[in-house]
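Please treat every number below as a calculation from the coordinates, not as lab data. What you are looking at is a predicted structure, and each value in this text was computed from that prediction instead of being measured. Cβ coordinates were reconstructed from backbone atoms using ideal geometry, including for glycine residues, and neighbour counts include every protein chain displayed.
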Amino acid sequence: MTDSNVKRAFSYRFHPTDAQAAELSRTFGCVRKVYNLALAARTEAWARQERVNYNQTSAMLTAWKKTDELAYLNEVSSVPLQQTLRHLQTAFANFFAKRAQHPRFKSRKKSRKSAEYTTSAFRFREGRLTLAKMSEPLDIVWSRPLPLGAEPSTVTVSQDEAGRWFVSMLCEDPSVKPLPKTDTAVGIDVGLDHLLTLSTGEKITNPRHERRDRTALARGQRILARKAPGDGANRRKARRKVAKIHARIADRRRDGLHKLTTRLVRENQTIVIEDLTVRNMVKNRKLARAISDAAWSEFRSMLDYKAAWYGREVIAVDRFFPSSKLCSHCGKLAKSMPLHVRTWTCEGCGTTHDRDVNAAKTLKAAGLAVSVCGAGVRPQRRTPGGQSAVKQKTPRREP
């Protein structure tokens, strides 16, 4: 792969036959079993102050397959089982590097069902994908074409809570290249009344996707709550209906964020945002639902990896920077700014500000002040008394 090419995952719906669905369900179960067995072995070893790596868990897998209790692991392709051990190794590497929490066991009901196949476990010919242990290709709904001449390096098959089947193909995408540089920069203030307020004065309405389906969701959840506990057919059916509503909400939200972030990245060379800690903000019980529906974290992730793709720059301003209270015209800091105040007049210069527009302008100014220092600058947060409160965020690639 050349340096200019980006590996990109293309996801499609597909409709398996009964035989394919049964095979994939067995594979999902075996993948989950192997992951949990390996996690238990590594956790027990860690309690004894020992470390178990991928090679040792791979040898354990070979031994497990030879036992009568786990002989069914031989019935599915071995590649997804090896891949889940590699994923576990990555999870532990992130844990030891303090980038993530300790890996958790996979639940049959709550965990995402998926299996990853490498090139040795699938065949892709003339737009037809056939997985190992299957005689027929998958019936894929090609909603968009793959890049010309693209050959998938890995294929991930998954099933969501709503019962929908997806296949994700990781391919090189030569169409993703840095865009021509511009002098345009924009500051962005996120909110709930308006999803985004730009330093240009533009306000983007919050679509509130969850609110549109709130009545149907509440009805479905009430029906689910009345079902007898356990794993009965009626309870599974009610759970599936609730999952479909959640999936519809998430699909609309994701589609809107993709369109919005693509537009921002294409139009601006530098994008300045506030480095919010959404994980802590959703602890506010009064605003948790609205903040989760706004999906600020997902918006940030999309901006980061698209900016990396197209040669743009995303700068994150420290969350304690007083963007709302700082006058974008003269720089005077207001004494207080309660949340209910939406417009205010600066005591220094007499300028009347829209709270959100002013915040976006001050964020832009603060971000550009760091941008001129060059890439990699990460000054520490300081007090608002004329000192810097900005840090530059290195763009990250979404997995």
Among Ala365, Ala307, Ala47, the residue with the largest mean-square fluctuation in a Gaussian network model of the chain built from Cα contacts under 10 Å is Ala47
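Normalised by the number of residues in the chain, what is the relative contact order in percent for Cα pairs under 8 Å and 6+ residues apart? Mind dumping the intermediate values first?
Details: 595 pairs, mean separation 59.2, N = 399.
Relative contact order, the chain: 15 percent.
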Among Trp46, Trp309, Trp344, the residue with the largest mean-square fluctuation in a Gaussian network model of the chain built from Cα contacts under 10 Å is Trp46
Per the C-alpha gyration tensor (a ≥ b ≥ c, the square roots of its eigenvalues), the range 6-173 is rounded if a/c is under 1.5, else prolate if a/b beats b/c, else oblate; here it's prolate
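Can you pick out the pairs among Lys110/Lys237; Lys98/Lys177; Lys283/Lys325 whose Cα atoms lie more than 27 Å from each other? Spell out each step's value before the answer.
Working: Lys110/Lys237 16 Å; Lys98/Lys177 32 Å; Lys283/Lys325 24 Å.
Going by Cα-Cα distance, Lys98/Lys177 fall outside the 27 Å limit.
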One would report the Cα pair-distance distribution of the chain, bin width 10 Å, in %, as 4, 17, 24, 25, 18, 9, 3, 0, 0
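Tell me, what is the FRET efficiency for His340 and Thr200 to the nearest 0.05, using R0 = 30 angstrom and their Cβ-Cβ distance as r?
0.75
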Percent antiparallel among DSSP beta bridges confined to the range 136-270, nearest 5, equals 90
Over 30 Å (Cα to Cα) among Lys65/Lys241; Lys181/Lys203; Lys181/Lys361; Lys259/Lys361 -> Lys65/Lys241
Listed by chain and number, the aspartates and glutamates with an alpha carbon less than 14 angstrom from that of Lys113, same-chain partners under 8 positions apart left out, are Glu23, Asp160, Glu161
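In what sequence do Ser135, Ser301 fall when counting other Cβ within 10 Å, fewest first?
Details: Ser135 7, Ser301 17.
Sorted ascending by nearby Cβ count, the order is Ser135, Ser301.
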Rg from C-alpha atoms of the range 185-391, normalised by the globular rule of thumb 2.2 N^0.38 Å, equals 1.22
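Only helical DSSP H runs with n ≥ 4 go in: add -39500 (n - 2.57) per run for the chain, normalise by residue count and round the 222 nm mean residue ellipticity to 500 deg cm²/dmol. Intermediate results must be reported in sequence, preceding the final value.
Details: 10 runs with 156 residues, N = 399.
Only helices count here, giving -13000 deg cm²/dmol.
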GNM of the chain, Cα pairs under 10 angstrom: of Pro16, Pro322, Pro145, the biggest fluctuation goes to Pro145
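With a ≥ b ≥ c taken as the square roots of the eigenvalues of the C-alpha gyration tensor of the range 290-333, please select rounded if a/c is under 1.5 and otherwise prolate if a/b is larger than b/c or oblate if it is not? Present the calculation step by step, with values, prior to reporting the outcome.
Numbers: a/c = 3.46, a/b = 1.53, b/c = 2.27.
Oblate is the answer for the range 290-333, as a/c is 1.5 or above yet b/c matches or exceeds a/b.
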